[in-house]
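Comments concern the structure below.
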């Protein structure tokens, strides 16, 4: 949503048709179902030379590698979270030959820098960003433990807001 508000062409990749439909509803220009299509090939076909920026917020070894392989020369990859090996039973490896050969930039991040909040909040105030579109479910505090326990199950895309 933020990338789109800055004029980027957004390509969303997922295995879930519901998630891809949701991505289109909040501004994605293209969607790729990674279960049906090789996302690296599809992204290169859509962009010609590869993506300028890729973002992986899932944290699997497969998605992080696919993101890096999808970049154009001198592209940037943002890794927002990487699940610990005990959870995914694998260790993510960075294809260094690709990183060096294409002069790629890899950024590990936990989230948005506090220094960027004023601009984001101004974009919300000016109607450029609509974070309310990201809300899928609103629950009570009493429902929170059950929601946390169910996080490993497939659910509707979007975020859950807990009312206090």
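Values for this structure:
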quantity	calculated
Computed over the chain: relative contact order in percent, which uses C-alpha pairs under 8 Å that are six or more apart	17
Among 11, 32, 100: highest mean-square fluctuation, GNM of the chain, C-alpha pairs under 10 Å	100
Where labels lie 7 Å past Cα in the beta-carbon direction, separation of residue 8 and residue 146 in nm	3.7
Extension gain, residue 45 back to residue 21 (0.36 nm per residue minus Cα-Cα distance, nm)	6.6 nm
Residues 105, 77 arranged by fewest to most Cβ contacts within 10 Å	105, 77
Per-peptide average of other Cβ atoms within 10 Å, ordering 66-72, 148-154 highest first	66-72, 148-154
For the chain, built as a Gaussian network whose Cα springs stay under 10 Å, the top-fluctuating residue of 108, 75, 27	108
Residues 9, 160, sorted so that the one with the fewest Cβ neighbours within 10 Å comes first	9, 160
By average C-beta atoms within 10 angstrom, highest first, the peptides 41-49, 112-120	41-49, 112-120
Within the chain, helix-based [θ] at 222 nm, where runs of 4 or more DSSP H residues each add -39,500 (n - 2.57), nearest 500	-8500 deg cm²/dmol
Inter-site label distance for residue 55 and residue 99 at 7 Å from Cα along Cβ, in nm	2.1
Cα gyration tensor category, rounded, prolate or oblate, for segment 89-164 with a/c compared to 1.5	oblate
Highest-fluctuation residue, 33, 126, 18 considered, GNM on the chain with Cα pairs under 10 Å	126
Descending semi-axes in whole angstrom, ellipsoid equivalent of segment 1-142, from the Cα gyration tensor	26, 19, 17
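We did not get these values from a lab; they are worked out from the coordinates using the rules stated. Keep in mind it's a predicted model, so treat the numbers as computed, not measured. Cβ coordinates were reconstructed from backbone atoms using ideal geometry, including for glycine residues, and neighbour counts include every protein chain displayed.
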